[in-house]
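Here's the structure, in structure tokens; my notes come after.
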Amino acid sequence: KSDKYDSRDVERLQQDDKWVENYLIWRHDVVDDTLKMIDESFQWRKEYTVNDLSESVLPKWLFEIGALFLHGYDKEGYKLFWFKVKHHTKDPKQQLDKKKLVAFWLEHYSKRDHGKPLTVVFDMAETGFSHIDLDFVRFIVNCFTDYYPNFLTKIVIFEMPWIMNAAFKIVKGWLGPDAISMLKFTNKNDVQEYISGEYLPPHMGGTDSFKYSYPPLVDDDFQTPLCENGPITSEDEHESKEEIDAGTKEAGELNEAQNLNQKKMNSIEQISKSEETDKTEVKPKNAKKALTTFKGPLLHISPAEELYFGSKETAEKKCLIVLTNVTKNVVAFKVRTTAPEKYRVKPSNSSCEPGTSLDIIVSLHGGFAASLQDRFLIMAAEMDQSSGAGVPELTQFWKEVPRTKVMEHRLRCHVVESSKPSSLTLKDNAFNIPAKTNEDLHIQLTHLLQINKRLEEQMTRCLWFQQLSVVLSLLSVTVAAFCFYLAYAQRS
């Protein structure tokens, strides 16, 4: 019914295969359960006006107290969603606004980082009986179990007071078996099994000096690299100009390979489309493309989500980002990173002509290694035809351009541990396509299980026909023998 859901959610469901797949994964590919979850979550999204939640529609004091915020990453590279329980007090009059604040943060993050799962941290230090609010806790649990599919990695509970043991027995009943396995009860001695000290505050045994304040909204600390070649170290001083030129030449050769690879990908897609399709098969539309190219209003960016670097053993230290200007104007761009001391980004601040592609080389230098917590931010904005593209003009342009006209896209880092990484780094492929993500493996496994099921059905039918043939053969032999017997008896 048109009045049952927000039309924007329905439109997104029809266009976003990744969203549909997350619902399926979270409900173990049981279609009826998946449809039920979509129905419930869509009704909830409309009731809470999730698509229209913004800072302006929520009370400012909710942001100022700092009970909920996103900051830092766990050891697996997942964003941390903090619940400072000591800042929460039960008040029925404020309950709806507090619930909308949870929805605001989840929606803000899901749109910003393509729905990469979160690790939830309940910091229960200095909490007591007055902070227990089971209705609010149940709402938070429902957000992850019923409304945001495949969006939770683990729940880290820090120093839960013994007085709350009974309450959390009730919470476990709400979570279900899958989510219960994600609960991690920790204290100061073992919390660093899941979160490194650099993202833990001192009272949790960490070294993070972060102090929450508002405004602005807490975000990644993106910084502009010091220069295109990164900070100079003694090791870098010995790097020859020939090596840098060779890297530039190598990137140029990859542009030619890019066209060839695209043709191969198109050929594979055409072949797959010509195959017979089964109604039960899971074939997400353009699944591979979604993993390799982000199609923004100003720039298409490849890869779409992750830059693949090698570990210290594999020594793969370069990646390529390809920007394609899809507008009719010059597009200025700049690249920021959360770890400017590690990376060289060339170019980090430049412009791209209409309809052209440009390569950005991202490389580690010195003895640094890539980390799952490292992030890159690509900012882009259209320039007037009369504007110049020199360094002074770009500097002035970024000072004056309105924030509303700036396109932003974030990339994560992924570290390949294999001695022969199948991920596509700068030396392997211009697209930097990851080899097999969990989503790819899940799709393939589901496909194989369905093929196996069809084969089993075919074998069952074959066995049934075989048994029927044996019975008919025995009947035929029996009838023939009986006829011979009658004929012999008549002659006698």
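Every number here is computed from the coordinates shown, using simple stated rules; none is lab data. The structure presented is a predicted model; accordingly, all values stated were derived computationally and were not measured. Quick reminder, even Gly has a Cβ in these numbers, built from the backbone with ideal geometry, and neighbours come from all protein chains shown.
How large is ³J(HN,Hα) for each residue in the range 67-78, as worked out from phi by the Karplus curve 6.51 cos²θ - 1.76 cosθ + 1.60 (θ = phi - 60°), to whole Hz, x for Gly and Pro?
Going residue by residue, I get 6, 10, 5, 9, 6, x, 9, 7, 5, 9, x, 8 Hz, with x marking Gly and Pro.
Give me the net charge of H88's neighbourhood, meaning all other residues with Cβ under 9 Å from the Cβ of H88; Lys, Arg count +1, Asp, Glu -1.
Details: positive: K84, K86, K90, K98; negative: D133.
Spelling it out: positives minus negatives among the neighbours equals +3.
State to the nearest 20 debye the size of the charge dipole of the range 91-140 about its Cα centre, where the only charges are +1 on K and R beta carbons and -1 on D and E beta carbons.
300
Using 0.36 nm times the number of residues separating T327 and N165, minus their current alpha carbon distance, what extension gain do you get?
Gain on extension, T327 to N165, equals 52.5 nm.
State, to one decimal in nm, how far the label point of M459 lies from the label point of T404, with both points 7 Å from Cα in the Cβ direction.
6.4
Between the alpha-carbon centers of the range 1-69 and the range 364-401, tell me the distance in whole angstrom.
Going from one Cα centre to the other spans 33 Å.
Can you give the FRET efficiency for E40 and T395, using 1/(1 + (r/R0)^6), R0 = 60 Å, r = Cβ-Cβ distance, to the nearest 0.05?
Working: r = 50 Å, r/R0 = 0.84.
Efficiency for this residue pair is about 0.75.
When Lys and Arg each count +1 and Asp and Glu each count -1, what net charge do the other residues less than 13 Å away from L58, Cβ to Cβ, add up to?
Cβ neighbours under 13 Å give a net charge of -1.
Mind ordering 95-101, 486-492 by average Cβ neighbours within 10 Å, highest first? Kindly include the intermediate steps, with their values, before the conclusion.
Numbers: 95-101: 16.3, 486-492: 7.9.
For the peptides 95-101, 486-492, the packing ranking is 95-101, 486-492.
Note down the relative contact order for the range 53-204 as a percent, whole number, built from C-alpha pairs under 8 angstrom at least six residues apart.
Here the relative contact order equals 24 percent.
Rounded to the nearest 20 Debye, what is the dipole magnitude of the range 294-415 about its Cα centre when Lys and Arg each give +1 and Asp and Glu each give -1 at the C-beta? The partial results should precede the final answer.
On the way: 16 positive and 13 negative charges, 46 e Å.
The dipole magnitude comes to about 220 debye.
For the ranges 333-339, 472-478, what's the packing order if you count other beta-carbon atoms within 10 Å of each residue, average per peptide, and put the highest first?
Listed from highest to lowest mean packing, they are 333-339, 472-478.
Summing +1 for each Lys or Arg and -1 for each Asp or Glu, what net charge is found among the other residues whose Cβ lies under 15 Å from the Cβ of T460?
+1
Using 7 Å Cα-to-Cβ label points, what is the H87/A369 separation (nm, one decimal)?
3.5
Roughly how many nanometres apart are two label points built 7 Å out from the Cα toward the Cβ at K295 and V477?
Result for the modelled spin labels: 6.5 nm.
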